[in-house]
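The block underneath contains the structure these notes are about, expressed in structure tokens.
The values are calculated or read from the model by the stated rules, or taken from the named source; none is laboratory data. A quick note: this is a predicted structure, and the numbers were derived from the prediction, not measured. For neighbour counting, all protein chains shown are included, and Cβ atoms are generated from backbone atoms with ideal geometry for every residue, glycine included. Just the protein is used for accessible areas: all its heavy atoms, side chains included, with ligands, DNA and RNA removed. Shrake-Rupley method; radii C 1.70, N 1.55, O 1.52, S 1.80 Å.
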Amino acid sequence: MSESTKMTQTQKRILLIGLVPLFMSLLSVSSINVVLPSIAADIDASTSALQWVLTGYALSFGVVLVAAGRAGDVFGRGQLFVIGVGLFGLSSLVAGIAPDPLTLNISRVTMGLGSGFLNPQVVGLLQQYFQGPPRGRAFGLMGTTVGLSVAIGPVLGGALIALFGSDLGWRATFLVNVPFAIASLILARAWLPAGAWRPAVDQDAKNSDGGKDLDPVGVILLGVGVLLILLPFVESSLGGFIWLSLPIGIGMIWVWARWERRYARLGRPPMVDLDLFRIRSFSNGSIIIALYFLGVTSVWVLVAMYMQQGLGHTALAAGMIGLPAALCSAVSADVSGRFVFQIGRRLVVWGIALCLAGLVATIAVVALLSQGIGSEWWMLLTLAFIGTAQGMVISPNQTLTLQEVPLRYAGSSGGVLQTGQRIGTSMGLAIMTALAFSITAVSNWHWGMMGAFVAIAVIVILAGIVGLIEVRRGGSRRA
């Protein structure tokens, strides 16, 4: 390894401090599905209560990302990171000892808030303390962390249920977060450099009285807008009228954008500098990843439903079929991080092409199964293509998208990027699962699976088109 790609002791410590709680926060997303039946049996949780165990975390996580990122820019990322980890750890403790569904749901919402606080700070710290090839490698390791959390989550949840039994096993999936949160808090205080505790912005984040300016009106407008957009996609039990919140949420985002422009004209620092979207690498990269998450995130849910409801397999078998793909994602993310600056956005386009090949191959396997030919375990290979592609797309795209963003907006821009991912994920899960169920209702699970995968492939193609536009723009600029 050359000197330019070696990491200093401080950088290695930042990675350890940041990626461990990030891993735990994402593990809480991937492990919860397999323990829901145990929760229902132990504390007599209704279907609606179980729905909020899932959606409460997703909603609160997505709503605070941008505001938390900006707060880290203004007050210091160390402070917001510690608050997020502390809130996540304390809420995990409460969830683990929750006596009833209400307590569990409240703790899940606050866990989501903790995750929403800490995630943008990790992105901001990597932007702040890594430059050049080490930054690509750092984001690659971040992608590896994401891939491992997806792979290990369902397996860990099932293992804890098997080890401690149904009543205690689901509680252990929350309580396991607590010691890691405590260790992260201790290490953060000991190892984060002094600059992490200071604001990344100076005069541009101060109001006329010299105090810190967080743009509270912008925070409220954006938070409510994102909440209203996410709500119909994650909470379908409230009935059809809940879809009225979608156009209202879009309207709120429009009002927020107008407010941010006005705030900037008054000489005040906006929560998000909308001129960020004039940076083509940032705007195109944000579109690519939002489209990618809109499509590909639902792959793993659809495969799990197909294995269980369509083919009659156990939850463990459904979880295991995606394990090689997740491990491939973890490896390819690390490798891609080492070469992202040499290859550029072409690496992302190659990943999208590989993902498309995996989708087409999976459709072919399901088509054969519908004719009684072959084995569903062939999907171990086809899904591994999609997993490998994921490591080539997510982390490299994030690295290149944030490359030209000013450091003073590293936190808020990371929050914008992650908010797009959360909205894309929620919309994709709702749309693709609804499509699969509607086709299955008039046919069978083979056709439902194929129909949803075709829709995903179309969205992936759109992401690839944007990627090709960005590749051509980058080539023209270099010429």
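Table for the structure above
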{"read-out": "Hey, GLY312 at positive phi and not hydroxyl-bearing (Ser, Thr, Tyr) or not", "value": "yes"}
{"read-out": "Odd one out for VAL296 among (1) closer than 21 Å to ALA361 by Cβ; (2) in contact (Cβ under 8 Å) with a residue 24 or more places away in the chain; (3) surrounded by fewer than 20 Cβ atoms within 10 Å (Cβ to Cβ)", "value": "(3)"}
{"read-out": "Residue in segment 20-32 that is on the phi > 0 side of the Ramachandran plot and open to solvent by 40 Å² or more (accessible area, probe 1.4 Å) present", "value": "no"}
{"read-out": "Test for GLY387: is it open to solvent by less than 20 Å² (accessible area, probe 1.4 Å), assigned to a helix (DSSP H, G or I) and within 30 Å of LEU274 (Cα to Cα)", "value": "no"}
{"read-out": "Of the criteria (1) touching a residue at least 60 places away in the same chain (Cβ under 8 Å); (2) more than 20 Å from the chain's Cα centre (by Cα); (3) surrounded by 15 or more Cβ atoms within 10 Å (Cβ to Cβ), which one ALA333 fails", "value": "(2)"}
{"read-out": "Neighbours by Cβ (under 7 Å, 6+ apart or cross-chain): first from segment 162-174, farther than 23 Å from VAL109 by Cβ; second among the small types (Gly, Ala, Ser) and open to solvent by less than 30 Å² (accessible area, probe 1.4 Å)", "value": "LEU163/GLY169; PHE164/ALA172; SER166/SER38"}
{"read-out": "Close pairs from segment 353-374: first assigned to a helix (DSSP H, G or I), partner of a type in the set (Asp, Glu), Cβ under 7 Å, at least 6 apart", "value": "LEU369/GLU376"}
{"read-out": "Residues located in segment 124-142, provided they are open to solvent by less than 10 Å² (accessible area, probe 1.4 Å) and under 22 Å from GLY387 (Cα atoms)", "value": "GLY136, ALA138, PHE139, GLY140"}
